[in-house]
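First up is the structure itself, then whatever we jot down about it.
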Amino acid sequence: MVHVLGVQLPDYQYTRFALTAFYGIGHKTAHRLCARLQIHDKCKVRSLTPHQITELAAFLSSPSTSTPIPRFPLATSSYKPPPASTPLAVLKEETKKLSQRAWADPLRNIKIESEARRVVKDNIAHQRMIGSYVGKRHAMGLPVRGQNTQNNARTAKKLNRVDRRG
């Protein structure tokens, strides 16, 4: 088993699915992480190299300070290449201008484990503080999303009673 940031990743699982063991990482985010770190879809955790494990741990510990991925613009169908006599410096400037378009990296502000739990807890506390219907249901320990309460609200009563009340 590989131990990354306090989470055990099972050896026999594909890395893409094992990454969902982190609180706050779902299937889509795990797929993006694997693509970002150049880990194959069918790669199992036991076959990761030490370099890949270190890279994964470094990215997950502070994604906002990681190196940005290079963005090279794709040509449109109406693109006409410049003549062959165009200097290389001019071509590099044009490419730089095209690649500086506004593009937000979805993995840049990812929150995992304790940060994600804190955000959920803060959102629930905010709902309770403003006195919304959802906040009142959380405070009473009842289901929040419109579930039936006559017979089967035991799970919600258990979950909303625990530390989610803030």
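The values are calculated or read from the model by the stated rules, or taken from the named source; none is laboratory data. The model shown is predicted, which means the values in this text are computed figures rather than measured ones. Every residue, glycine among them, receives a Cβ derived from its backbone with ideal geometry; neighbour counts consider all protein chains shown. Surface accessibility is based on the protein's heavy atoms, side chains included, excluding ligands, DNA and RNA. Shrake-Rupley method; radii C 1.70, N 1.55, O 1.52, S 1.80 Å.
Some points to look at:
- Residues that are modelled with pLDDT of 80 or more, over 19 Å from the mean Cα position of the chain (by Cα) and either open to solvent by 60 Å² or more (accessible area, probe 1.4 Å) or over 18 Å from residue 4 (Cβ atoms) (or both) do not occur anywhere in the range 106-117.
- Lone unmet requirement of (1) more than 22 Å from residue 112 (Cβ to Cβ); (2) open to solvent by 90 Å² or more (accessible area, probe 1.4 Å) for residue 28: (1)
- Screening residue 150 with (1) modelled with pLDDT under 80; (2) over 29 Å from the mean Cα position of the chain (by Cα); (3) part of a helix (DSSP H, G or I) gives one miss only, at (3).
- Residue match in the range 60-75 (condition: modelled with pLDDT of 90 or more and surrounded by 10 or more Cβ atoms within 10 Å (Cβ to Cβ)): yes
- For the range 12-32, a residue qualifies if it is touching a residue at least 60 places away in the same chain (Cβ under 8 Å) and farther than 21 Å from residue 121 by Cβ, and exactly one does: 32.
- Of residues in the range 1-17 being in contact with a strand residue (DSSP E or B) (Cβ under 9 Å, 6 or more places away or on another chain) and farther than 16 Å from residue 55 by Cα, the one least open to solvent (accessible area, probe 1.4 Å): 10
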